[in-house]
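Have a look at the structure below before the remarks.
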Amino acid sequence: GDDSTYIEAGYKYSKNFFGYHYTYNAPLYPIFLSLPISFLGINLPLLKITSVLFTLLQIVFLFRAFYQRLPSLVLFPSLFIIAVNTQFAYYASQTYNEAFFCFFQALFFYVVFLLTDNIQAHGNNLRATWKYWLLLGAVSFLLSISKNVAVLGVASLVVFFLLRGNYFAILLTAASYLFFRVPYELFQYYVWGVKSQYQSQSSQ
């Protein structure tokens with residue numbers, strides 16, 4: 001299934017990064033797997049341990065994102081449920097990309113709250129908030145190439161700022177994402193010969 005496909009793709013990336021492109025679904029996880037595979041080969045226990053680490057990091061960043069935003073009676077039981085939930089434990093023991101994706105999802109929440117806190121403090125002063133917009137663009141981009149559906153994270157931010165009437169923030173949300181996405185799409189097209197990850201998956 002997907003777990004062996006990810007490992008196989010990671011192996012191919014490790015052998016020929018510029019000559020191979022994973023098109024079955026979002027490519028970031030196989031690209032990540034190519035790093036430990038490059039140094040240690042297909043070491044299944046090590047690859048599974050990375051899923052454990054991503055699950056732990058998910059809990060850490062969910063805590064950092066929602067601490068003092070949710071009541072403790074909501075936050076800590078929620079984190080406890082994630083920590084002991086059998087489905088999360090299952091993904092933590094596999095080489096599916098769910099643990100990897102959940103980490104980036106938690107990181108996305110953390111970065112969004114960093115940004116909105118700074119917008120609240122400084123308004124649309126780009127000089128004071130530019131690094132948070134850049135961070136948002138990077139995390140949004142990485143999230144979107146860890147699972148294709150995660151591009152909706154950017155869309156949800158657009159709606160969020162639209163409801164608050166902050167049209168400048170909508171522009172910056174799109175611009176920060178495209179700042180990373182456009183070079184990636186150009187790289188895909190000119191190096192890997194792939195028009196779009198979404199087009200590749202939908203055609204299959």
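The values are calculated or read from the model by the stated rules, or taken from the named source; none is laboratory data. Since this is a predicted model, take the numbers as computed values, not measurements. Note that each Cβ is placed from the backbone with ideal geometry, even for glycine, and that neighbours are counted across all protein chains shown. Calculation scope for accessible area: heavy atoms of the full protein, side chains included, ligands and nucleic acids excluded. Shrake-Rupley method; radii C 1.70, N 1.55, O 1.52, S 1.80 Å.
Which three numbers, in whole Å and largest first, are the semi-axes of the equivalent ellipsoid of the stretch 1-99 derived from its Cα gyration tensor as √(5λ)? Don't skip to the end; give the middle numbers.
Working: eigenvalues 196, 35, 25 Å².
For the stretch 1-99, the semi-axes come out at 31, 13, 11 Å.
In the stretch 95-115, which residues have a backbone nitrogen under 18 Å from the label point lying 7 Å from LEU35's Cα in the Cα-to-Cβ direction?
Residues 95-108 qualify, since their backbone N sits under 18 Å from the label point.
Starting from the Cα gyration tensor of the stretch 120-163, take the square roots of the eigenvalues, sort them a ≥ b ≥ c, and report rounded, prolate or oblate (rounded when a/c is under 1.5, otherwise prolate if a/b is larger than b/c, else oblate). Please list the in-between numbers first.
On the way: a/c = 4.44, a/b = 1.59, b/c = 2.79.
In terms of gyration-tensor shape, oblate.
Determine the gain in length on full extension of the stretch PHE179-LEU73; use 0.36 nm per residue of separation and subtract their C-alpha separation, reporting nm with one decimal.
Values: separation 106, 0.36 × 106 = 38.16 nm, distance 3.93 nm.
Extra length from PHE179 to LEU73 when fully extended: 34.2 nm.
Out of the trypsin sites (Lys or Arg not before Pro) in the stretch 1-48, which ones are loop residues according to DSSP with at most 11 other C-beta atoms within 10 Å? Provide the component values of the computation, followed by the final result.
Numbers: sites: LYS12, LYS15, LYS48; in loops: none.
Here no loop site has a sparse enough neighbourhood.
Using a 1.4 Å probe, what is the accessible area per residue for the chain, in Å²? Present the calculation step by step, with values, prior to reporting the outcome.
Numbers: 11100 Å² over 204 residues.
Here the per-residue accessible area is 54 Å².
Got the relative contact order for the chain handy, in percent, Cα pairs under 8 Å and 6 or more residues apart? Please report the intermediate quantities before stating the final value.
On the way: 229 pairs, mean separation 46.8, N = 204.
For the chain, the relative contact order is 23 percent.
Rounded to the nearest 0.05, what FRET efficiency do PHE113 and PHE80 have when you use their Cβ-Cβ distance and R0 = 35 Å? Don't skip to the end; give the middle numbers.
Values: r = 21 Å, r/R0 = 0.60.
The pair PHE113/PHE80 has a calculated efficiency of 0.95.
Please arrange LEU79, LEU57 by accessible surface area, largest first, computed with a 1.4 Å probe and ligands excluded. List each step's numbers first, then the result.
Numbers: LEU79 20, LEU57 65 Å².
Sorted by accessible area, descending: LEU57, LEU79.
Tell me, what % of the accessible area of the chain is carbon and sulfur with a 1.4 angstrom probe? If you can, show how the numbers build up before the last one.
On the way: 7460 of 11100 Å².
Of the solvent-accessible surface of the chain, carbon and sulfur hold 67 percent.
Just to be sure I understand: with springs between alpha-carbon atoms less than 10 Å apart, which residue in ARG127, ARG181, ARG64 has the highest mean-square fluctuation in the Gaussian network model of the chain?
Taking springs between Cα atoms under 10 Å, the residue moving most is ARG127.
Which of TYR91, TYR11, TYR189 ends up with the largest GNM mean-square fluctuation for the chain, with Cα atoms connected below 10 Å?
Of the options given, TYR189 has the highest mean-square fluctuation.
In square angstrom, rounded to the nearest 10, how much accessible surface does HIS122 have for a 1.4 Å probe?
Here the residue's solvent-accessible area equals roughly 90 Å².
With every protein chain kept in the model, how would you rank PHE168, PHE101 by accessible area, 1.4 Å probe, largest at the top?
Working: PHE168 80, PHE101 30 Å².
The ordering from most to least exposed comes out as PHE168, PHE101.
Kyte-Doolittle mean at least -0.5 and Cα extent at least 15 Å along the axis: which DSSP H helices of the chain qualify?
Helices meeting the span and hydropathy rule in the chain are 28-40, 44-66, 72-84, 98-122, 126-144, 152-163, 167-187.
Using a 7 Å offset from Cα along Cα-Cβ at ARG64, what residues in the stretch 136-156 end up with backbone N under 12 Å from the label point?
Label zone hits: none.
Taking the Cα-to-Cβ direction at SER156 and at LEU56 and moving 7 Å from each Cα, how far apart do the two end points lie in nm?
Result: 2.6 nm between the two label points.
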